[in-house]
Amino acid sequence: MRRVVVFPAPFGPRRPRTPVDAAPGYRAGRTLPLRVEALRQWKRRRTMIMGGILVALPFVLLIAFAIGGDQDRGGSGRITLMDTATASGANFAATSLFVSAGFLLVIPVALFCGDTVASEASWSSLRYLLAAPVPRSRLLASKLAVALAYSAAAMILLPLVALAVGTVAYGWGPLQLPTGGAVPAGDAVLRIGIAVAFVFASQLVTAGLAFWLSTRTDAPLGAVGGAVGLTIVGNVLDAVTALGDWRDYLPAHWQFAWIDALQPQLEWGGMIKGTAISLTYALVLFALAFRGFARKDIVS
């Protein structure tokens, strides 16, 4: 007769394992700290190159104005922001922002937000980060926060350097307005700060596009180029007057609303509408990025 021996379970009833069971002291919120991610991105060569380009642009404009001399308005008598660029340091900073806001400042936003996740996949290091283990939502949140911080720094760096260069070259003085009149130097700095804040808000759509594409592809250039390309498409659509009022729902339609901050009386209407539309698009794109990445098979 066969005897059956039943051994008692030494550890009691089974229960689902948690990260705390596997690694005492594990805290999801402590994985991939922002300072670590920020330092990793700071050491990237593309960060240094982009910073150098933004710092060099005001000097390039300074040389161009020195070589070009007085502006020729073609006899129209109409004064533009470019015509007042050499009036003071504040004017030079506003002009630098004007010539770069349409396209140049799109590049760092697309680069920092589009390269952040896709580059990890291209290096085959993304799966190792997740195996650390870093929760997917935590990884995306850290990378997005650092990417937006570097994008904001790029927006501030250009006008800040331009203000310093322009003040040395043309002196510290009021902001001469193309429409007539002037804004005191102290208020002019505040106005330019408002303009920079709106430019950053308007670029959140590009940031959302780049970040979403970065979670969908393993090619960093594809994510960056795709975001820049779609931004250009938006600018082209805004130029199609046949769309009528539909253009009001395009983020590109409001990208130069910050010029209202450089009027004799500060106008908020256009900037508020542009910020609301940009934030709406950006939040949808960020949500798609988090949702898609949470269900994605990470194989690289």
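Would it be correct to say that Val199 is at pLDDT 90 or above and open to solvent by less than 70 Å² (accessible area, probe 1.4 Å)? Answer is yes for this residue. Taking the conditions (1) closer than 24 Å to Leu105 by Cβ; (2) open to solvent by 40 Å² or more (accessible area, probe 1.4 Å); (3) in contact with a helix residue (DSSP H, G or I) (Cβ under 9 Å, 6 or more places away or on another chain) in turn, Asp187 satisfies each one other than (3).
For segment 245-261, filtering for residues that are of a type in the set (Gly, Ala, Ser) and either open to solvent by 50 Å² or more (accessible area, probe 1.4 Å) or in contact with a Phe, Trp or Tyr (Cβ under 9 Å, 6 or more places away or on another chain) (or both) leaves 2. Can you name the residue in segment 117-141 that is in contact with a Leu (Cβ under 8 Å, 6 or more places away or on another chain) and small (Gly, Ala, Ser) and is also least open to solvent (accessible area, probe 1.4 Å) among such residues? This residue is Ala118. It is to be established whether one or more residues within segment 181-188 are assigned to a loop (DSSP other than H, G, I, E, B) and in contact with a Pro (Cβ under 9 Å, 6 or more places away or on another chain). Yes, because at least one residue in segment 181-188 is assigned to a loop (DSSP other than H, G, I, E, B) and in contact with a Pro (Cβ under 9 Å, 6 or more places away or on another chain). Just one of the listed residues (Val99, Val106, Val161) is at pLDDT 85 or above and open to solvent by less than 10 Å² (accessible area, probe 1.4 Å), and it is Val106. Restricting segment 260-274 to residues that are outside any loop (DSSP other than H, G, I, E, B) and either modelled with pLDDT under 90 or not charged (D, E, K, R) (or both), the residue that is nearest to Val183 (Cα to Cα) is Leu262. Filtered by the rule that a residue be farther than 30 Å from Pro178 by Cα and open to solvent by less than 50 Å² (accessible area, probe 1.4 Å), segment 275-295 gives Ala282, Leu285, Phe286, Ala289, Gly292, Phe293. Within the set Ala242, Ala207, Ala227, the sole residue that is part of a helix (DSSP H, G or I) and either touching a strand residue (DSSP E or B) at 6+ places or on another chain (Cβ under 9 Å) or open to solvent by 50 Å² or more (accessible area, probe 1.4 Å) (or both) turns out to be Ala242. Of the residues making up segment 170-184, those that are small (Gly, Ala, Ser) and buried (at least 16 other Cβ atoms within 10 Å of the Cβ) are Gly173, Ala182.
Look at (1) of a type outside the set (Asp, Glu); (2) surrounded by 14 or more Cβ atoms within 10 Å (Cβ to Cβ); (3) touching a Gly at 6+ places or on another chain (Cβ under 6 Å) and you find that Pro264 fails only one, number (2).
The values are calculated or read from the model by the stated rules, or taken from the named source; none is laboratory data. The shown structure was predicted, so the numbers you read here are calculated from the model rather than taken from an experiment. Note that each Cβ is placed from the backbone with ideal geometry, even for glycine, and that neighbours are counted across all protein chains shown. Only protein heavy atoms, including side chains, enter the accessible area calculation; ligands, DNA and RNA are left aside. Shrake-Rupley method; radii C 1.70, N 1.55, O 1.52, S 1.80 Å.
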